[in-house]
Amino acid sequence: SRTRMNTLTQIIETYFACVDRKDLAGILATMTPDCVVEYVSEGSRFEGRDAGVRAYFEQRNAAVEQSWHGNFRHAADPALGRVATRFDVRRTDRGKPERVGDNINFFEFENGKIRRIAVWRGVGKPS
């Protein structure tokens, strides 16, 4: 249904708003305990909301000075709890120039929480 699709896409946009604010508790609150985040384009994988995923975001928050994720384009299958999202990224890591990117994430949900995120990052070009 459109309502369920809107709910899933709102959760995704809340997740990214928390990422941009470096709000670790907010990020983790969108996820199931067994959440897996996989960076397919880099070959890395983080398992468990309170273990690998938490450690990844703690490290990311320390390295990133500021980031912005936006211009979201969602394609959703609410019945199966799946959403593909393409979006633009601007990111500045400490001591480095800003990079811009074009990313696609594939989200899988369980009981209104993110259970899995597969991430494909576009080439991070200087802005």
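Structural remarks
- Computed over the stretch 77-127, the ratio Rg/Rh where both radii use C-alpha atoms and Rh is Kirkwood: 1.13
- Taking GluC sites (Glu not before Pro) across the stretch 15-110, the ones in a DSSP loop with at most 13 further Cβ atoms lying within 10 angstrom of their Cβ are E42.
- Efficiency of FRET from Cβ geometry, E42 and R90, R₀ 25 Å, rounded to 0.05: 0.85
- Above 20 Å, the calculated P(r) of the chain contains 41 percent of its Cα-Cα pairs.
- Computed magnitude of the charge dipole of the chain (debye, nearest 20; Cβ of K, R +1, Cβ of D, E -1): 220 debye
- Averaging the Cα positions of each part gives two centres, and for the stretch 12-70 and the stretch 98-119 these lie 9 Å apart.
- Percent accessible area from carbon and sulfur atoms, the chain, protein chains only, probe 1.4 Å: 50 percent
- Crossing angle, helix 54-63 versus the chain [Cα axis fit, 0-90 degrees, rounded to tens]: 30 degrees
- Between helix 2-21 and the chain there is an angle of about 20 degrees, using the helix long axis and the longest principal axis of the Cα atoms.
- Separation of the D23 and N103 label points, Cα + 7 Å toward Cβ, nm: 1.7 nm
- Rg/Rg_ref, the stretch 1-73, where Rg_ref = 2.2 N^0.38 Å and atoms are Cα: 1.15
- Counting DSSP beta bridges with both ends in the chain, the antiparallel % (nearest 5): 85 percent
The values are calculated or read from the model by the stated rules, or taken from the named source; none is laboratory data. Quick caveat, the model's predicted, so the values are computed rather than measured. Note that each Cβ is placed from the backbone with ideal geometry, even for glycine, and that neighbours are counted across all protein chains shown. Note: accessible area is taken over every heavy atom of the protein model, side chains too, but ligands, DNA and RNA are not part of it. Shrake-Rupley method; radii C 1.70, N 1.55, O 1.52, S 1.80 Å.
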